[in-house]
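Have a look at this one.
The values are calculated or read from the model by the stated rules, or taken from the named source; none is laboratory data. The structure presented is a predicted model; accordingly, all values stated were derived computationally and were not measured. Because the Cβ atoms are built from the backbone with ideal geometry, glycine has one as well, and the counts that use them run over all protein chains shown.
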Amino acid sequence: MTLIYLFLGLVVLGLLLQSVVWLRVAAMRRAGVYPASGQATMSDVERLVRAGQRVWAIRCYREIHHCGLAEAKKGVDDLHIAA
C-alpha cells in the first residue's frame, strides 16, 4: 500500500512540475518573450540566447527542428552570437 501512495505522490509531483512549466511558457508568450506555438524561427532562438535565456532557446530550437535535447544543445552552442 505504501508503494502505491509513493507512486501516486510522484505522479502528482510530476504533474505539478509540468503545470509550472506550462504556466511559465504561457506567461512568456503573453509577454512576447517566447514565440507562439508553431511560430518559432531561428531569429527567436538567437534573440533568446542574446537575452541570456539559453534553456528557453534550446526549447525553441527543439520545437523548430523536432530534435532531441542533445542535438538542440549542440545547435544552440554552435550559434556564434555575441551575448
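Filter the range 25-55 for residues that are β-branched (Val, Ile, Thr) and within 12 Å of the chain's Cα centre (by Cα); which is nearest to Gly68 (Cα to Cα)?
From the range 25-55, those β-branched (Val, Ile, Thr) are 25, 33, 41, 45, 49, 55; that's our starting set.
Now drop any that are not within 12 Å of the chain's Cα centre (by Cα), which leaves 25, 45, 55.
Values: Val25: 19, Val45: 16, Val55: 14 Å.
The qualifying residue nearest to Gly68 (Cα to Cα) is Val55.
If you don't mind, another one. Only one of these is in the same structural domain as Lys73 (by TED's automatic domain parsing), of a type in the set (A, V, I, L, M) and free of Cβ contacts under 8 Å to residues at least 24 places away in the same chain: Met1, Met42. Name it.
Met42
Moving on to the next point. Taking the condition out of contact with any Pro (no Cβ under 7 Å at 6 or more places or on another chain), modelled with pLDDT under 90 and under 17 Å from Gln53 (Cα atoms), does Ala40 pass?
Details: out of contact with any Pro (no Cβ under 7 Å at 6 or more places or on another chain): yes; modelled with pLDDT under 90: no; under 17 Å from Gln53 (Cα atoms): yes.
Criteria not met by Ala40.
Can you pull out the residues in the range 23-33 that are loosely packed, with under 10 Cβ neighbours inside 10 Å and in a helix (DSSP H, G or I)?
Arg30, Ala31
On to the next question. Kindly establish whether Leu3 is hydrophobic (A, V, I, L, M, F, W, C) and modelled with pLDDT of 95 or more.
No: the conditions fail for Leu3.
With respect to Ser19, is the statement that it is exposed (fewer than 10 other Cβ atoms within 10 Å of the Cβ) and modelled with pLDDT of 90 or more true?
Working: exposed (fewer than 10 other Cβ atoms within 10 Å of the Cβ): no; modelled with pLDDT of 90 or more: yes.
So Ser19 does not fit the description; no.
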